[in-house]
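Data first, discussion second: the structure below is written as structure tokens.
The values are calculated or read from the model by the stated rules, or taken from the named source; none is laboratory data. Source: prediction; values computed, not measured. Don't worry about glycine lacking a Cβ; one is built from the backbone with ideal geometry, like all the others, and counts go over all protein chains shown. In case anyone asks, the SASA skips ligands and DNA or RNA and just uses the protein heavy atoms, side chains included. Shrake-Rupley method; radii C 1.70, N 1.55, O 1.52, S 1.80 Å.
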Amino acid sequence: MTAREVPEQLLEWVDSYPAVLIRQPDDVWTHRYTHFLERDDGSITFEIPLWTTDESPSDLTAQIELEADGRIHIYDVHVL
């Protein structure tokens, strides 16, 4: 999924947040605030913290679904 495919309303928290998002470190997948749920249909939902220029991690979180066929959907971005 590219930034162009993310629905506008999901970017509201990002746009109004007082810092700029940066790339997450490779160890984001094992971070204590990252959570996974594997489903019986082969899909996985996960929640990951987002990093900013000011915070590592910030209190912004992305909720994402990885479908069994490999498609990814960001279905929420919010402040904890």
query = How many residues does region 1-59 contain that are of a type in the set (Gly, Ala, Ser) and modelled with pLDDT of 90 or more?
reply = 2
inquiry  = Condition first: in a loop (DSSP other than H, G, I, E, B) and without any contact (Cβ under 8 Å) to a residue 12 or more places away in the chain. Now tell me which residues in region 14-55 satisfy that.
reply    = Arg32, Arg39, Asp40
key: Members of region 23-80 that are of a type in the set (Lys, Arg) and open to solvent by less than 40 Å² (accessible area, probe 1.4 Å)   = none
